[in-house]
1. Can you tell me which residue among Ala94, Ala127 is under 21 Å from Ser31 (Cα atoms), surrounded by 20 or more Cβ atoms within 10 Å (Cβ to Cβ), in contact (Cβ under 8 Å) with a residue 24 or more places away in the chain and touching an Asp or Glu at 6+ places or on another chain (Cβ under 9 Å)?
2. Does segment 60-70 hold any residues that are in contact with a strand residue (DSSP E or B) (Cβ under 6 Å, 6 or more places away or on another chain) and open to solvent by less than 50 Å² (accessible area, probe 1.4 Å), and which are they?
3. Which of the residues spanning segment 19-45 are within 22 Å of Thr177 (Cα to Cα), in contact with an Asp or Glu (Cβ under 8 Å, 6 or more places away or on another chain), open to solvent by 20 Å² or more (accessible area, probe 1.4 Å) and part of a strand (DSSP E or B)?
4. I'd like to know if segment 46-59 contains one or more residues that are in a strand (DSSP E or B), open to solvent by less than 80 Å² (accessible area, probe 1.4 Å) and out of contact with any Cys (no Cβ under 9 Å at 6 or more places or on another chain).
5. Out of Ala73, Ala107, I need the residue that is small (Gly, Ala, Ser) and crowded, with 19+ Cβ neighbours inside 10 Å. Which one?
6. Report, by residue number, each residue of segment 218-255 that is surrounded by 15 or more Cβ atoms within 10 Å (Cβ to Cβ), modelled with pLDDT under 75 and either over 17 Å from Ser14 (Cα atoms) or of a type in the set (A, V, I, L, M, F, W, C) (or both).
7. What's the total number of residues in segment 181-207 that are of a type in the set (A, V, I, L, M, F, W, C) and either modelled with pLDDT under 95 or within 26 Å of Gly87 (Cβ to Cβ) (or both)?
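The values are calculated or read from the model by the stated rules, or taken from the named source; none is laboratory data. Predicted model only: the values in this text are computed from it and were never measured. Note that each Cβ is placed from the backbone with ideal geometry, even for glycine, and that neighbours are counted across all protein chains shown. These area figures cover heavy atoms from the full protein model, side chains too; ligands, DNA and RNA do not enter into them. Shrake-Rupley method; radii C 1.70, N 1.55, O 1.52, S 1.80 Å.
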Amino acid sequence: MVFLALLLFGSSRSFLVEARTGGLKIEFSESSNSWRLPDAVLCLPLEIPTFPPDPDCGIAAKSDGPPNERLIAWADGTIVEISGERGGGIRIEAMSGNTATLPMNAAFIVSRNAWQRAGALTFRGYATIGQDMSDGASHYLREGRWEAREAGWLTSVFRSVTEVVKTGDLPTGAKVTAIIDGEPALAYGHLARGMGPRDEETGLDVTMISEFGDTALSVRHFGLRNAVVIKPDWIDVAISSPLLLAVAALFSILASFVQVLMLGLSRPTDAVDKPVL
């Protein structure tokens, strides 16, 4: 029991999430988020819709010129919504304008061919995968999975590994974010083009891993008032930890040995067996 208590309270937890989704939201952090977008169109919002609409940006925005290579250094606190576009491209819309020269609601449009050349895009910040389900939603989560991983000073004494204590699948339409103390947890991840078995576009592939700490996974479903919070407990740790199982087996062997030793020592040494007449 003491060993289990030390294992539980001396460990930190991190969540790994892998998902295929139509969109996600990121609030950048740690000043280390720079993206290269080849042949991207910057759409600047308009106060009054224009007709005819802009061929790239629609009626509510105008392009600042022909497609161009963009090098964006996202400032801390900038919030963007990223979504897959019809035809295989992506749209990156700034929901807050902390990044210099980028007004709020400005968006980058990246075509399918340019998206192929851009490769994976990494991020450090607070990420939410999927969107709240509603009629006509198109940027929702398609499928995914998660892992809860734990590591601590006690496990590091015996083996320097991170143990997977619980896993699960993410349902279609869920809205997922890692949290710590009720607030979004810092996550590190990347996004890339989602490709099906026949090379068809299927949205965005997102992988992220949260910071270590007392983290949990918030999964919001359509129709529920509150999000479902996933957080492994001591039972999950007890049945999944190889270290705990090994220690339990070792203690069992040790207890058996001590019991045999005590029985041997408790037997009188001067006892002499006498025949029964």
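1. Within the list Ala94, Ala127, the selection yields Ala127.
2. Of segment 60-70, the ones in contact with a strand residue (DSSP E or B) (Cβ under 6 Å, 6 or more places away or on another chain) are 61-64, 67, 69-70.
Residues satisfying the conditions are Ala61, Ser63, Arg70.
3. Within segment 19-45, Arg20, Lys25 meet the criteria.
4. no
5. Ala107
6. Across segment 218-255, the qualifying residues are Val237, Ala238, Leu243, Leu244, Val247.
7. Residues that pass the stated criteria total 5.
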